[in-house]
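Shown next, in structure tokens, is the structure this report addresses.
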Amino acid sequence: MDPFDIVKDFECKLAEHFGSRYCVATDSCTHAVELCLRLQQVTATSCPRHTYISIPMTLTKLDLDWHFVDDQWHEYYQLGDTGIYDAATFWSNNYISGSKMCISFQKKKTLSLGRGGAILLDDHTDAVQLRRMSYDFRDRHSGWHGQVESITQMGYHYYMTPETAKIGLEKFPTIDHVTGWKWSDYPDVSKAPLFNE
């Protein structure tokens, strides 16, 4: 059995639960957001003042033209008008059609895997592209040595391991509560000296 078949099974389980057509599992929600920004070649966006600090750090790392906004969000927020959502704490079957919603499996989230994330989406072409981008622009079902000549774009080492996906599938039926966070659960990260230089 291909070890990545279990990742595919986990992705299918997530897509079914949330109501999206596709799902791409990643190693973190932050990297899921980054992959979406890279795929869409976003050059400008905004970010709530109250969020996890890795998101504005990612916008800075990508050298985007971005700014903080006041947004009293609940469970998720959109980065500007990109259609990309930081939905780290989202856990319902109300996927937003046409969007890319990035969820988290960090230790305090509803499905706690210690680390991990996923992108919910309904565009097949984007799903294929994001899956390759998350795995060094390789096909995760084929051996490494035979793929060098097919790597035509930048890839990123942001994939979910089969071991993590296996734990996710095992824990899925045991979920007995939903952790729905909101803007006020996060500090105002715009106060960090990093963003005021």
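Every number here is computed from the coordinates shown, using simple stated rules; none is lab data. None of these values were measured; they are calculated from a predicted model. Positions of Cβ are backbone-derived with ideal geometry, glycine not excepted, and every protein chain shown enters the neighbour counts.
The table for this structure:
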item: Region 83-197: antiparallel DSSP beta bridges as a percent of all, rounded to 5; result: 55 percent
item: Global geometry of the chain, whether rounded, prolate or oblate, following the gyration tensor of its Cα atoms and the 1.5 cut on a/c; result: oblate
item: Kyte-Doolittle at least -0.5, axis length at least 18 Å by Cα - qualifying DSSP helices, the chain; result: 5-18
item: Anchor Lys171: lysines whose Cα lies under 17 Å away (excluding residues fewer than 8 positions away in-chain); result: Lys8, Lys13, Lys107, Lys108, Lys109
item: Relative contact order %, the chain, counting alpha carbon pairs below 8 Å whose residues are six or more apart; result: 30 percent
item: Least to most buried among Thr58, Thr125 (fewest other Cβ within 10 Å first); result: Thr125, Thr58
item: Local electrostatic count at Gly98 - Lys and Arg +1, Asp and Glu -1, tallied over other residues with Cβ under 13 Å; result: -2
item: Peptides ranked, highest mean first, by Cβ atoms within 10 Å: ranges 74-87, 168-181; result: 74-87, 168-181
item: Ascending count of other beta-carbon atoms within 10 Å, so fewest first, for His17, His157; result: His157, His17
item: Cross-link reach list, lysines versus Lys61, counting only Cα pairs under 23 Å and skipping chain neighbours closer than eight places; result: Lys100, Lys191
item: Residues listed by number, region 156-192, amide nitrogen under 11 Å from Asn93 label point at 7 Å toward C-beta; result: none
item: Separation of alpha-carbon centers, region 161-189 and region 56-134, rounded to whole Å; result: 13 Å
